[in-house]
Amino acid sequence: MQFWEKFSSLKEAFDYLDENIDSTGKNLPTININSIEKHNFIFKLKSTIYLLKQDRFFFKTLIKKPLFYIYKILRSFLKSKSYIENNNIFLFNLKNLKSIDKYIQDKSYQIIWGFSYCQKPVDCPKKRFSSECIYDVNNPVCKNCYICKCANLIHKDDKFLVIPDVKYIGKELIKIHNDNKKICFVISSCDLSIKMNSDFANMLNIKGMGIKLSGRTCVNFKSFLYAEKGIKSAMTDLTSDLKKVLTDLIKARLVSKI
């Protein structure tokens, strides 16, 4: 029996997936994320088409400088990997992990700190599938939320974002890029979302870091599509060592702005 034939409604299928998918993805009816590198070009093409279809904003950006952007994205396509991976950290247009310190401490750069909505508590006062966040340390839910802790550390001149879907962060990066600001982003997300955005980051030639979430993350394109619609009740989180990396970067930025 085919996977979807087991259920009388999509809701039943979604509930089953949410309750039974583990972080290895072995219960999912499609290709596991670990096999993406074997089909890298197809994945890159599929991801780019998906992003372009989500919002005309991306296409309008592309046609403003068609030769320049197409050249950049094709160069990214032809690389075996569009990023450097180091211990669950993905680097874009950076030579190594240490090199991001230079841009974090540079006052001329606009730093963008992004957090995935699935990191929010299930009883978030501003709802989980939302870009809104009150980060109120006096709220009983917020005070135990890692996003709240980070948001209250981030310098007022920097950009703090909670990301509800993949097009949201893409649009925000492009808007800031179009203002001719120098950008460096630090985003916590599942590695599937990070890899999907990698070619756009290279197309815009912006520097940044993606930090891989753990837990019940999106492990293939199908589970990613559910999450894009807010169908994800399970929480994700960063490991303690990755939290330290992110928190140290936020603190280093604060020191540089004094």
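Points to keep in mind about this one:
- Long-range tail of P(r) for the stretch 151-254 (Cα pairs > 22 Å, %): 34
- Residues K195, K244, K72, sorted so that the one with the fewest Cβ neighbours within 10 Å comes first: K244, K72, K195
- Residue separation of Y50 and M235 scaled by 0.36 nm, minus their Cα-Cα distance, works out to 64.1 nm of gained length.
- By the count of other C-beta atoms within 10 Å, a proxy for reagent exposure, R253, R216, R75 are ordered fewest to most as R75, R216, R253.
- For K182, the amide hydrogen comes within under 5 Å of the amide hydrogens of Q110, counting only partners 5 or more places away or on other chains and with H modelled in the peptide plane.
- Calculated over the stretch 195-258: convex hull of Cα atoms, volume per residue (Å³): 129
- N96 paired with N180, simple spin-label distance in nm, labels 7 Å along Cα-to-beta-carbon: 3.5
- Order by protection proxy (mean Cβ within 10 Å, highest first), peptides 118-125, 53-60: 118-125, 53-60
- Of all DSSP beta bridges in the stretch 121-258, antiparallel share, percent nearest 5: 25
- Ordering T236, T48 by the number of other Cβ atoms within 10 Å of each residue's own Cβ, fewest first, gives T48, T236.
- Taking amide H as placed 1.01 Å from N in the peptide plane, C190 has its amide H under 5 Å from the amide H of L213, each at least 5 places away in sequence or on another chain.
- The share of alpha-carbon pairs in the stretch 103-219 lying farther apart than 16 Å comes to 60%.
- Euclidean distance of C-alpha centroids, the stretch 175-195 and the stretch 115-149, integer Å: 21
Laboratory data are not the source of any read-out in this text; all were calculated from the coordinates shown. Note that this is a predicted model, so its numbers are computed, not measured. Positions of Cβ are generated from backbone atoms using ideal geometry, with glycine treated the same way; all protein chains shown enter the neighbour counts.
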